[in-house]
Each structure stands twice: as structure tokens, then as C-alpha cells.
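Report on the structure given below.
The values are calculated or read from the model by the stated rules, or taken from the named source; none is laboratory data. This one's a predicted model, so the numbers in the text were calculated from it and none came from an experiment. FYI the Cβ positions are ideal-geometry reconstructions off the backbone, even for glycines, and counts take in every protein chain you see.
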Amino acid sequence: MGWLPWSSSDGNDGVKKTSGGAFESPSRTNRVKCYEARDAFFECLDRNKILDSINTKNGQSAATRACGQEDVVFEKNCAHSWVEYFKKQRVVNYQKEQTIKKIEAEGGDIVAPQLPTRQQS
């Protein structure tokens, strides 16, 4: 039993730590578990029409009510920095898709930026 009543020190679940307290690099199996937990959490958010589960209080509380179990599994199976990154990236990707749709609806073309080339003398 850990020093917090809701924590566990058995080390059999979630992201593992080294003896020095740092997180171990995730193995392929751990990454797969993380991705599966992320996907299950995001599917729950989609079913409940929740986009942002990290930046707004309304989104956080709605996500906790609707997808609390999935979020717990997600946070257990992924490093905190990964969880934060994935949740923020979900919002950024949505905003990017909406911007592209708006530009295309206005008749604009999406052109990838080109890197400058070196001029031969």
C-alpha cells in the first residue's frame, strides 16, 4: 500500500518507475495498452459529443461524468505527459480540420508550404 490511500505500490499496473523514481521507457506492449486506452477514452468522448476534456471546466466535468472509467484506465496506462499531449492534440486536430473545411468551403486551396531550395551559381 502506498502512502496515499488511492495509490498502489505493488507496481503491477500502469506505467512503471525505476528504482530512482523516473519513469521507464515504455515497451511496445505498454505503448499498445496506452493507445488502446486512449482510443477507448476518445470513443467515449465522441459518443457523448465532448471535444475538449482538458482545457475547459465544463469539458472536464462532462468528461468525468460520462467517461470517468475510461479516463482512469487511460491515465493508468499512459505516462502523464502522454495523456496531456493526446488530450491537447485532440483539440488541435479538430481545430485544424475545421480550418481546412472553412478554407475549402470558401473556394481556397490548401497548399503545403515548400522549403526553399538552394540556388546553384
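Points worth noting:
- Restricting the first member to the range 92-121 and to residues that are under 27 Å from Leu51 (Cα atoms), and the second to residues that are part of a loop (DSSP other than H, G, I, E, B) and of a type in the set (Gly, Ala, Ser), the beta-carbon pairs closer than 9 Å and six or more apart or on different chains are Lys102/Gly108.
- Some residue of the range 41-52 being β-branched (Val, Ile, Thr), assigned to a loop (DSSP other than H, G, I, E, B) and modelled with pLDDT of 80 or more: yes
- For the range 53-71, a residue qualifies if it is polar (S, T, N, Q) and in a helix (DSSP H, G or I), and the qualifying residues are Asn58, Gln60, Ser61, Thr64, Gln69.
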